[in-house]
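Here's the structure we're looking at; comments come further down.
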Amino acid sequence: MTKQEEFINQVELFIKRRIGAVIAGSILKNNLEKLNKNVSSMTKEDGKIFLKNIVNAVSMLVTGDESKIVETELEKLLPMLD
């Protein structure tokens, strides 16, 4: 498994715990399509954009405080793309 695939898996696991598997899967799929890149060619900059979009989508489903937690925790995954 590449570091990019592991990054996506970790993002998916985290948001599944926060908002549920069905919604998380949909948000993940939509944002990967929006990125319009192959996962294996994802750069750290792509990851930042991807996470920003994920946080924006998740923030519609959680409280403001939870949204900040999601953002903080997901940003901790960015070093995986170095």
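The values are calculated or read from the model by the stated rules, or taken from the named source; none is laboratory data. Keep in mind it's a predicted model, so treat the numbers as computed, not measured. No Cβ is skipped: glycine too gets one built from the backbone with ideal geometry, and neighbour counts run over all protein chains shown. Calculation scope for accessible area: heavy atoms of the full protein, side chains included, ligands and nucleic acids excluded. Shrake-Rupley method; radii C 1.70, N 1.55, O 1.52, S 1.80 Å.
Being out of contact with any Lys or Arg (no Cβ under 7 Å at 6 or more places or on another chain) and at pLDDT 95 or above holds for only one residue in 49, 19, and it is 49.
The set of residues in segment 25-61 being among the acidic types (Asp, Glu), surrounded by fewer than 14 Cβ atoms within 10 Å (Cβ to Cβ) and under 18 Å from residue 3 (Cα atoms) consists of 45 alone. Does any residue of segment 62-75 turn out to be within 14 Å of residue 10 (Cβ to Cβ), in a helix (DSSP H, G or I) and open to solvent by 80 Å² or more (accessible area, probe 1.4 Å)? Within segment 62-75, one or more residues are within 14 Å of residue 10 (Cβ to Cβ), in a helix (DSSP H, G or I) and open to solvent by 80 Å² or more (accessible area, probe 1.4 Å).
Screening residue 22 against (1) assigned to a helix (DSSP H, G or I); (2) open to solvent by 30 Å² or more (accessible area, probe 1.4 Å); (3) hydrophobic (A, V, I, L, M, F, W, C); (4) touching a residue at least 12 places away in the same chain (Cβ under 8 Å) leaves a single unmet condition, (4).
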